[in-house]
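Before any comments, here is the structure.
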Amino acid sequence: MVERVLIPLDGSKVGEAALPVVEKLIVKLLPGTKVEVTILGVITQMRHWVVVGEASAPISYTEEELNSIEQRVISYLDRTSEALRSQGVAVNTRVVAGNAAEEILKVAGEINADMIAMSTHGRSGLSRLAFGSVTDKVLRGAGMPVLMVRAPAGTDNA
């Protein structure tokens, strides 16, 4: 039996908090089980703002700029998944563009994930209202277990 785990990453140290937890689960709780992990990066900004004097306008990224962004995300996903690979875990990386929560749920269905493991930023109050919660949207929309890992205190978004 193959266990499939989806781990979405957002490029932050907070977002990476789920990685060591999944590694421990695989190594200690599932020894001998074939586990396939998909590390997902979602490109959510398809345009940037150009400011000239006091005016600003949204400009869509060119195909070349999007390709460059995608290559940086792939490189990041490869680097951050190295610890899992060193434990003999089969790791796939995938980059998609769109709404983060929607794309996470879509990919989870496409790969037939048994579990989604993701970090939570732990926002509450006005901050959560202003930024929304991707984790909350995934938790409510997923048809499989979602492992939510709170990042350790003092972890920044860098």
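Values in this text are rule-based calculations from the coordinates and carry no lab data. This is a predicted model, so every value here is computed, not measured. Note that we place each Cβ from the backbone using ideal geometry, even for glycine, and neighbour counts take in every protein chain shown.
Structural remarks
- Ordered by the count of other Cβ atoms within 10 Å of each Cβ, fewest first, R4, R47, R150 give R47, R150, R4.
- Neighbourhood net charge (13 Å Cβ-Cβ; Lys/Arg +1, Asp/Glu -1) for E70: -2
- Helix-only arithmetic for the chain: the sum of -39500 (n - 2.57) across DSSP H runs with n ≥ 4, divided by the residue total, places the mean residue ellipticity at 222 nm at -10000 deg cm²/dmol.
- Computed magnitude of the charge dipole of the chain (debye, nearest 20; Cβ of K, R +1, Cβ of D, E -1): 580
- Counting DSSP beta bridges with both ends in the chain, the antiparallel % (nearest 5): 20
- Pairs of Lys residues in the chain that lie 8 or more places apart, or on two chains, and have C-alpha atoms under 21 angstrom apart add up to 4.
- Summary value for the chain: 34 percent relative contact order, contacts being C-alpha pairs under 8 angstrom separated by 6+ residues.
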